[in-house]
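I have placed the structure first, in the form of structure tokens, so that the comments after it can refer back to it.
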Amino acid sequence: MTCRFNYINGVDSLERIFVALGSNIAPRGKRLEEGRDMLRRISSGGWKESPVYETPPVGPEGQDPYFNQVVSFWYAGTPTRLLNYLKGSELVLGRKARGHWNSREIDLDLLYYGNKVLSGRPQVPHGEILHRQFVLVPMNDIAPDWRDPLSGNTVKGLLADLLNREGKIPFRLVTGEDN
């Protein structure tokens, strides 16, 4: 395994990254696989991935259900460079502009960049984490004890709080036969 390091202020560093993947345009499973492949190219190790879940869409009516997943890995670049890579990867993988919260071929959202708190672009932690079961459920699968740097609460605790507020939305675990 090759490890790359980011040299910042005289210190080598790697950051634990969490990225949410989503797709609701067929072939959804293949699109998530291609997204994972793009992310593995920049991973410096420590790869973790949740199961894939099918979830109801959020946003405008008439959308198909989403496949959602969270992956995590060590990363040695800057937050801005990572965000640019994610947005560029979406374009390479065929994402078309359809407006906010509309159907998408692939969505790659930066959730956490280590314990950093940044405003602007990128905003980390992602501003909608606390309101998204389709992010917290898969993240809880791979990092239940990860602490949100803003609240200090664990992912397990954030998920429990969200479920208490709104009840569980329908999730279906995706198997290999699904697309």
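No value in this document is a laboratory result; all are computed from the given coordinates. In this text the structure is predicted, and so the values were computed from the model without any measurement. Heads up, the Cβs are rebuilt from the backbone with ideal geometry, glycines too, and the neighbour counts pull from every protein chain shown.
Counting only C-alpha contacts under 8 Å and six or more residues apart, can you give the relative contact order of the chain as a whole percent?
27
Quick one: length gained pulling Val92 to Thr175 fully straight, 0.36 nm per residue minus the C-alpha distance?
27.3 nm
Give the long-range amide H neighbours of Ile42: residues separated by 5 or more places, or on another chain, with amide H under 5 Å away, using H modelled in the peptide plane at 1.01 Å from N.
For Ile42, whose amide H was placed from the backbone, there are no distant partners under 5 Å.
Mind giving me the nanometre distance, one decimal, between the label points for Lys30 and Lys48, set 7 Å out from Cα along Cα→Cβ?
3.1
If we count other beta carbons within 10 Å of each Cβ, what is the order of Thr55, Thr175, Thr78, fewest first?
Thr175, Thr78, Thr55
For helix 79-92, what angle does its Cα long axis make with the longest principal axis of the chain, in degrees from 0 to 90 and rounded to 10?
The answer is roughly 40 degrees.
Computed FRET efficiency, Cβ-Cβ of Arg147 and Asn102, R0 30 Å: what is it to the nearest 0.05?
Once the sixth-power term is evaluated, E becomes 0.35.
Just from the alpha-carbon atoms, what are the Rg and Dmax of the chain in angstroms?
15.9, 52
With everything on Cα atoms, drop me the angle between helix 133-142 and the longest principal axis of the chain, reported from 0 to 90° to the nearest 10.
Once rounded, the angle reads 50 degrees.
Could you name the lysines in cross-link range of Lys116, using Cα to Cα under 28 Å and dropping any fewer than eight places away on the same chain?
Lys48, Lys87, Lys156
Taking 0.36 nm per residue of sequence separation and subtracting the Cα-Cα distance, how much length would be gained by fully extending the chain between Asp64 and Arg121, in nm to one decimal?
Details: separation 57, 0.36 × 57 = 20.52 nm, distance 2.91 nm.
Stretched out fully, the Asp64 to Arg121 stretch lengthens by 17.6 nm.
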